Structure formats: structure tokens, C-alpha cells
Amino acid sequence: MAFFSARQPILDTERHIFGYELLFRSSHENIFPDVDQEKATSKMIEGLQLDLGLDKIAAGKLAFINFTEKSILDALPNLLPKQQIVVEVLEDVPPSKAIYVALKKLAIQGYIIALDDFIHSAAWEPFYKISQIIKVDCAEIEPEQLEEIVALKVRHPHIRLLAEKVETYEEFKLYKQKGFELFQGYFFSKPEVIQSVSLTSSQTILSTLLNEITKPDVNIKEVTRLFEIDVAISFKLLRYTQSPLFQRSKKIENIKQAVVMLGHKELERFIMLLFAATFGEDKPTELVRMSMHRAKFCEQIAGNANFKSQVSTAFLVGMLSLVDAMLDADVIELIGKMPLSDNIKEALLRNQGWLAEFVNLCFALENGNWQSIDKACAKFGLDMPETLSLYDESRIWAQERIEAFK
């Protein structure tokens with residue numbers, strides 16, 4: 001899946017970037033999709049939390065995000081850091097007492113409040129003390145309405161006026177003369193669409209599980225809790241524990257029992273296998289099988305090449321070596337989202353280090369590059385016939401594990 005957002009820069013009087021307005025999109029097409037604003041706000045918050053990230057899309061500047069009446073009353077702005085966002089109150093939000101109370105609470109907490117497409121009326125007067133920015137639509141506002149807002153700024157000098165839909169230099173110059181400090185519109189830049197990989201809730205949980213299970217001191221309670229969050233993942237764990245692979249007859253009665261029964265080593269393998277299978281959904285089974293084949297083989301040769309203490313790391317790198325193909329996404333962006341050690345990132349992103357050389361050996365075996373195979377075996381002190389045997393054993397192991405999921 002992919003998450004899309006458009007961003008349009010907001011500039012100051014010197015045309016330096018002050019922030020970006022973030023706009024929900026459903027594809028590369030730079031138009032607002034056919035969804036209600038409520039859903040657009042929810043999707044934007046979800047995407048910023050799990051996918052794009054404010055640091056990436058706003059490049060260290062403030063992010064202006066549209067909020068509806070319901071999302072304000074539900075305190076959704078609190079899901080995002082106050083230091084990085086501007087709570088943009090949409091023009092159809094009524095100036096009710098409930099909205100005032102909700103916005104005042106946000107202002108006290110340190111959130112910046114902006115009133116969007118604003119037209120002055122007496123009902124909004126109490127809101128001016130808790131608002132820091134007022135946005136004016138240059139294409140829609142009447143001259144008298146504009147003068148009312150300019151006068152409002154005199155009464156409340158802490159407010160910064162923002163002119164949006166500025167399309168010409170003349171408009172920029174006019175609004176600047178009237179005391180506007182911020183500007184947005186096609187004169188400066190059209191919104192640009194940014195795409196990111198959108199992880200499902202199961203993929204996010206599995207990434208967290210992967211991080212937990214590879215810690216030196218595994219917290220079984222936390223691992224159990226993470227499994228229990230997702231019904232589908234829990235079901236697969238229970239079914240896996242009853243696989244003929246383990247030849248166990250004892251019935252499993254709860255998730256913790258299944259976690260303990262598998263043991264750390266097999267649980268780690270299960271999570272990694274499930275990770276590969278989940279990220280490889282809608283992809284050929286062969287792609288998942290190949291990732292697990294690589295994983296097991298990297299683990300095996302790590303044990304034979306003086307890296308016995310890092311066999312789990314080798315397994316993980318082998319598995320992740322195909323994650324970009326599974327999600328049709330840039331490996332740099334994907335790996336950047338995962339809590340992985342520097343040596344793993346070095347292998348996957350820069351093709352450096354012994355872990356990368358193990359993955360390259362996998363590639364050489366897959367393509368019958370005997371010169372590279374011989375060179376790698378010599379470097380790591382591996383016996384060629386034994387290496388080929390381990391490669392074949394790993395293939396069988398991967399197939400057996402995939403069959404256990406069916």
C-alpha cells in the first residue's frame with residue numbers, strides 16, 4: 001500500500017519557508033479525493049503517525065493540518081506533537097462553546113491555532129485571544145471583509161495574518177502592505193504530491209514484535225501483549241504451534257502458553273517468517289519462500305564462519321534482503337521505518353559489511369555465479385560442498401515453514 005499527501009509551502013515576507021500545508025491525497029493525482037473531510041483528516045493523521053512522518057514531509061518546518069469540528073472535539077490534534085503542527089480550524093467549524101473550550105485547551109497545551117478561510121463575525125471574537133494565525137482566501141474575500149480583518153489585527157497584534165491563494169506578484173505586494181506576514185499560493189508554488197509506503201496495522205505490529213524478539217533480554221509479557229493486539233496474528237501463532245513440524249500433542253489454551261512453548265529460538269523464527277509472509281501478501285509465494293531461503297542460509301553460514309553469536313542477525317538480513325520487492329517500494333524508505341541496528345542498515349542500504357557479503361553469496365548461488373561463490377567461500381573459510389549442502393537444506397527448511405502457514 002502507499003500513502004499520499006500533497007504539501008504546499010507557506011512563506012514569510014522574505015519568501016523564506018515558514019511551514020507547509022499538508023493536504024490528503026489518494027493517488028499521485030494532485031486533486032482532493034472523493035472522500036469527506038472527516039475521513040481525510042483521520043487518514044492524514046494516521047499517515048503521519050505510521051508512514052510519512054512529520055520530520056520527512058515538513059522538513060523541520062511547521063505542518064499546517066486541517067481539522068474538522070468532530071476531530072477537534074475528539075482531541076485528535078493531541079495525536080501529533082505540538083512543536084511540529086499548526087491546528088488549522090476549517091471554515092465550516094462553528095464558533096460554538098464546545099469548540100472554544102477544546103481549542104483553548106489545545107492552546108494552553110502549546111498548540112498553534114489557525115483559523116482557515118476566515119471571515120470576521122462577532123461570534124468569533126472570543127477565539128482571537130487563543131488563535132495565533134488567521135488565514136484569508138484572497139480569491140474569495142470582499143474588500144470590506146479584508147479591512148475588518150486588518151482592523152482585527154490592530155486589536156490583537158499577536159495574530160499573524162496569512163494570505164492564501166496568492167497567484168500574482170501584485171497580490172503578494174498588496175497583502176504585504178496590509179500587514180500580512182505569511183503567504184501561500186500558486187505564485188510561490190503549487191502543491192507537490194509525496195508518496196510513502198503505508199504499513200498495515202499487522203505490519204506495524206510485526207515490525208514492533210521483530211524489534212522486541214531480537215533484544216538481548218526478551219520481555220515475554222510485552223511479546224504476548226503485542227500478539228494479543230491482532231487477532232489474525234494470534235490465530236497464525238496458535239495454528240503454527242500445532243504444526244506437525246513440532247510433533248506436540250498438548251493443547252494450547254492461551255497466547256502466552258504458545259509463546260513459551262515455542263521457545264525463544266523458534267518464536268524468533270516464527271515472527272520473522274510471519275513478517276516475510278505478511279509483507280509479501282499479494283506477491284508470488286516464491287518471493288516469500290526465497291526470502292526465507294536466504295534467511296536460513298545466511299544463518300547457517302554465519303554459524304560456520306565465526307559469526308556464531310550473530311546468527312539471528314544474519315537470518316534477519318537474509319529475510320529483509322527482498323522486502324523492497326515485497327512492497328514495491330524504495331528499500332531506503334522501508335528500512336528507515338524499522339528499528340534496526342546500524343550493521344543491518346549498512347548491509348541493506350549500502351551493501352557493506354560481512355552481512356552484505358552473505359546476501360551477495362545468496363545472489364551468486366541463485367544465479368550460478370561460481371566464481372563469486374568460490375571467492376566468498378575462500379574469504380570466510382567455508383567448504384564449498386558443505387556450503388552447497390547448506391543451501392539445499394535451507395531451501396527445504398523454507399518450504400516446510402511456508403507449508404505450515406497454509
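The values are calculated or read from the model by the stated rules, or taken from the named source; none is laboratory data. Everything numeric here is computed off the predicted structure, so don't read it as measured data. Neighbour counts run over all protein chains shown; Cβ positions are idealised from the backbone, glycine included.
What the table below lists for this structure:
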item	result
Subset of region 243-288 [among the polar types (S, T, N, Q) and at pLDDT 80 or above]	Q257
Any hit, region 73-87, residues being at pLDDT 90 or above, assigned to a helix (DSSP H, G or I) and in the same structural domain as K165 (by TED's automatic domain parsing)	yes
Members of region 133-157 found to be touching a helix residue (DSSP H, G or I) at 6+ places or on another chain (Cβ under 8 Å) and at pLDDT 85 or above, listed by number	I134, V136, L152, R155, H156
Among residues of region 192-242, those that are in contact with a His (Cβ under 7 Å, 6 or more places away or on another chain) and at pLDDT 75 or above, counted	1
Pairs where the first residue, in region 219-239, is within 14 Å of T208 (Cβ to Cβ) and the second is of a type in the set (D, E), C-beta under 7 Å, 6+ apart	N219/E212; E222/E212; V223/E212; L226/E212
Filtered residue count, region 374-389, keeping only those that are within 37 Å of the chain's Cα centre (by Cα) and farther than 17 Å from L355 by Cβ	0
Residue check, S389 without any contact (Cβ under 8 Å) to a residue 60 or more places away in the chain, surrounded by fewer than 17 Cβ atoms within 10 Å (Cβ to Cβ) and within 17 Å of N304 (Cα to Cα)	yes
Which numbered condition H28 fails, given (1) in contact with a helix residue (DSSP H, G or I) (Cβ under 8 Å, 6 or more places away or on another chain); (2) outside any helix (DSSP H, G or I); (3) modelled with pLDDT under 75	(1)
Of all residues in region 60-105 being of a type in the set (F, W, Y) and crowded, with 18+ Cβ neighbours inside 10 Å, the one that is farthest from Y20 (Cα to Cα)	F67
Of all residues making up region 114-129, the number that are within 32 Å of the chain's Cα centre (by Cα) and over 19 Å from P9 (Cβ atoms)	1
Scan of region 91-107 for residues that are part of a helix (DSSP H, G or I) and among the aliphatic types (A, V, I, L, M), ordered by number	A98, I99, V101, A102, L103, L106, A107
Selection from region 95-128 of residues that are under 14 Å from L161 (Cα atoms) and among the charged types (D, E, K, R)	D116, D117
Extreme residue, nearest to the chain's Cα centre (by Cα), among residues of region 336-371 that are surrounded by fewer than 16 Cβ atoms within 10 Å (Cβ to Cβ) and farther than 26 Å from L210 by Cβ	N367
Failed item in (1) assigned to a helix (DSSP H, G or I); (2) touching an Asp or Glu at 6+ places or on another chain (Cβ under 9 Å); (3) of a type outside the set (A, V, I, L, M); (4) modelled with pLDDT of 80 or more, with D324 passing the rest	(4)
